[in-house]
Structures are given as C-alpha cells and as structure tokens.
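Visitor: Have a look at the structure that comes next, please.
The values are calculated or read from the model by the stated rules, or taken from the named source; none is laboratory data. Just so it is clear, the structure is predicted and the values come from calculations on it, not from any experiment. Quick reminder, even Gly has a Cβ in these numbers, built from the backbone with ideal geometry, and neighbours come from all protein chains shown. To get the accessible areas, we keep the full protein, side chains included, count just its heavy atoms, and leave off ligands, DNA and RNA. Shrake-Rupley method; radii C 1.70, N 1.55, O 1.52, S 1.80 Å.
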Amino acid sequence: MNEPYRDASVPTVARVEDLLARMTLDEKLAQLGCVWITDLITHGRFDPEVAVEKMPHGIGQVTRIGASTGLRPQGSAALMNAIQRVAVEQSRLGIPIFVHEEAVGGLCARDATVFPQALGLAATWNSELLEKIG
C-alpha cells in the first residue's frame, strides 16, 4: 500500500490532500453526483456492468435503495455491498459510495418505522411521545 490516501495510519488531512491531488476533474465532479438504484437494475437484478458504465469516474452516492426496491434490510444491505464492490474494485481510486434515502421522520424502506413530520409531532402536544420517538 504505497498510496497515502489508503493508509489509515496517515493523518486524515494528508490522506485527503493525497487523494485530491490524484483525482481528475471528472472524478471530483462525479463525487458530487448521484445515481438512483433503479438505474443500476436490469431485469430486476443489480447489473455490475451497467454500474461500471453509469459510474465511469465513481459516484458520490446511490439513492433510494430501500424505497425504490421494496427490499427488506438484509436484501438492501446485500445490494449495497454489491454496489460498493463495483465502486471500490472497478474504479481507478476505489472511493466508496454513500447510501442516500429520503425521509425526514425515519428510514423510508420496507418494514421501517417512519414518524410524522416534525410539525405533525409538535401538534400532538405529547412530550412523552416525542421523547419515546427521539
């Protein structure tokens, strides 16, 4: 391991500086981007070849794994692990991807708990309930 950005013993600032110095403009711009999980699915399954095609310079995040697939937690984790393998093993710098899911009041996924938005919770005037939710 001769790249400082991959070495956990190197101080964080030095690792970040090293990685940024290695990144092309396209790779930096890709880190600002997002791909919907549905763009990486072919015939109902994750397609690594499509992922490589859609993320030629890496990607900052993949979104809506839970809400768009209907997978339960174990299936969502397996899918994200497969996507991470492509990102880490088949890209030049091996930068992992963030998972993004939209829901202010909880995890927007099958079998997950989603609470009402803050205004709705406040309208209950039930501080004990809010404490339990928190």
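Visitor: With all protein chains present, how much of the accessible area of region 56-134 (probe radius 1.4 Å) comes from carbon and sulfur, to the nearest whole percent? Don't jump to the answer; show the numbers that get you there.
Guide: Values: 2950 of 5100 Å².
Roughly 58 percent of what the probe reaches on region 56-134 is carbon or sulfur.
Visitor: Efficiency by 1/(1 + (r/R0)^6): what FRET value for residue 32 and residue 128, r their Cβ-Cβ distance, R0 = 35 Å, to the nearest 0.05? Display every interim value, and only then the final one.
Guide: On the way: r = 42 Å, r/R0 = 1.21.
Calculated transfer efficiency: 0.25.
Visitor: Amide H of residue 36 versus every other amide H placed in the peptide plane: which residues, excluding those fewer than 5 positions away on the same chain, fall under 5 Å?
Guide: Close amide H contacts, sequence-distant or interchain: 63.
Visitor: Okay, next question. Work out Dmax and Rg for region 79-134 from the C-alpha atoms and quote the Rg first, both in angstrom.
Guide: Here Rg and the maximum Cα pair distance are 17.8, 53 Å.
Visitor: Stokes-Einstein at 37 °C, 0.692 mPa s, Kirkwood radius from Cα pairs: D for the chain in µm² s⁻¹?
Guide: Details: Rh = 17.1 Å.
Translational D for this selection: 191 µm²/s.
Visitor: Could you work out the relative contact order of region 14-134? I mean the mean sequence separation of Cα pairs under 8 Å and 6+ apart, divided by the number of residues, in percent. Don't jump to the answer; show the numbers that get you there.
Guide: Working: 138 pairs, mean separation 25.7, N = 121.
Once normalised by length, the contact order is 21 percent.
Visitor: Round to the nearest 0.05 the FRET efficiency obtained for residue 49 and residue 3 when R0 = 30 Å and r is the Cβ-Cβ distance. Don't skip to the end; give the middle numbers.
Guide: Numbers: r = 27 Å, r/R0 = 0.89.
Efficiency at R0 = 30 Å is approximately 0.65.
Visitor: Moving on. Karplus couplings for region 16-33 from phi (6.51 cos²θ - 1.76 cosθ + 1.60, θ = phi - 60°), rounded to Hz, Gly and Pro as x?
Guide: Karplus-based 3J(HN,Hα) across region 16-33 equals 5, 4, 5, 4, 4, 5, 7, 6, 7, 4, 4, 5, 5, 5, 4, 5, 8, x Hz.
Visitor: Helix 73-89 versus the longest principal axis of the chain: what is the Cα-based angle in degrees, 0 to 90, to the nearest 10?
Guide: 20 degrees
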